[in-house]
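The values are calculated or read from the model by the stated rules, or taken from the named source; none is laboratory data. All values reported here derive from a predicted model rather than from experimental measurement. Don't worry about glycine lacking a Cβ; one is built from the backbone with ideal geometry, like all the others, and counts go over all protein chains shown.
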Amino acid sequence: MTSRRPHIRAYRPSDRDDVYDVCVRTAAAGGDARGHYSSDDLMPDIFAGPYLDLEPELAFVVDDGDRVVGYVLGTADTARWAAEHRSRWLPQVAARYPAVAAPTTAEERLVDLLHHPERNIHPELADYPAHLHIDLLPSHQGAGHGRALIRAFLAALRRQGVAKVHLGMSPSNTGARAFYERLGFHELPHGDDVVLLGLSTDHPV
């Protein structure tokens, strides 16, 4: 039985399994991706693990009293993160996901992204050096937790002197797009099938 109302707090290493669980259960354009790939850890190893390892001070979670049901995480400097991903994170996971020379399947393309973190760097977004990922279990959406997570993340970026942040999202995730736009995110230039949105860290949310 939940002992207290959901609240936002800083990430702890003991939250890792819950963060991985939330990640895979929201990884199919907001839906459950469990069983979609050869390992349920694939999506979290790409979109959660490297941030938890490299910049845990920028990770915040929604704790419902029993477990973590949502999180926000990211980096203050995407170019630096990509370099550290290659030198510090990739050696930990590369053997589990062998690279393919010419990826064709959805899983192979994800593995290719894992092996090439530099693809997260968009030169046209130099003014938006930070980026983030946020996920909430459906059971806890629509209650203000996402807004509170973004608020905590922006405050942490401001403490580091970072002025702007961006995120990437699937065009098919229309619910997430509406959420971001309500917070003030606006579309940024991009050249692929990922929608890029940006926000100033001093924007009220």
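Just a few scattered comments:
- Residues located in the stretch 48-86, provided they are more than 18 Å from TYR128 (Cβ to Cβ) and of a type in the set (Ser, Thr, Tyr): TYR71
- PHE179 meets each of the listed conditions (1) surrounded by fewer than 16 Cβ atoms within 10 Å (Cβ to Cβ); (2) under 18 Å from the mean Cα position of the chain (by Cα); (3) modelled with pLDDT under 95; (4) of a type outside the set (Ser, Thr, Tyr) apart from (1).
- Some residue of the stretch 25-38 being under 16 Å from the mean Cα position of the chain (by Cα), under 18 Å from ARG88 (Cα atoms) and either of a type in the set (S, T, N, Q) or part of a helix (DSSP H, G or I) (or both): no
- One residue stands out in the stretch 182-199 among those that are small (Gly, Ala, Ser) and under 20 Å from PRO123 (Cβ atoms): the one that is surrounded by the most Cβ atoms within 10 Å (Cβ to Cβ), namely GLY198.
- In the stretch 124-156, the residues that are in a helix (DSSP H, G or I), under 16 Å from THR75 (Cα atoms), out of contact with any Gly (no Cβ under 8 Å at 6 or more places or on another chain) and of a type outside the set (A, V, I, L, M): ARG151
- Residue that is surrounded by 12 or more Cβ atoms within 10 Å (Cβ to Cβ), of a type in the set (Gly, Ala, Ser), more than 14 Å from GLY49 (Cα to Cα) and modelled with pLDDT under 95, where the choices are ALA99, ALA83: ALA99
- Taken together, the residues in the stretch 121-132 that are surrounded by 18 or more Cβ atoms within 10 Å (Cβ to Cβ) and modelled with pLDDT of 95 or more amount to 5.
- Verdict on LEU167 being crowded, with 19+ Cβ neighbours inside 10 Å, assigned to a strand (DSSP E or B), of a type in the set (A, V, I, L, M, F, W, C) and modelled with pLDDT of 95 or more: yes
- Selection status of VAL100, touching a residue at least 24 places away in the same chain (Cβ under 8 Å) and either within 23 Å of PRO56 (Cβ to Cβ) or not small (Gly, Ala, Ser) (or both): no
- Number of the exception - TYR51 against (1) of a type in the set (Ser, Thr, Tyr); (2) assigned to a helix (DSSP H, G or I); (3) free of Cβ contacts under 8 Å to residues at least 40 places away in the same chain: (3)
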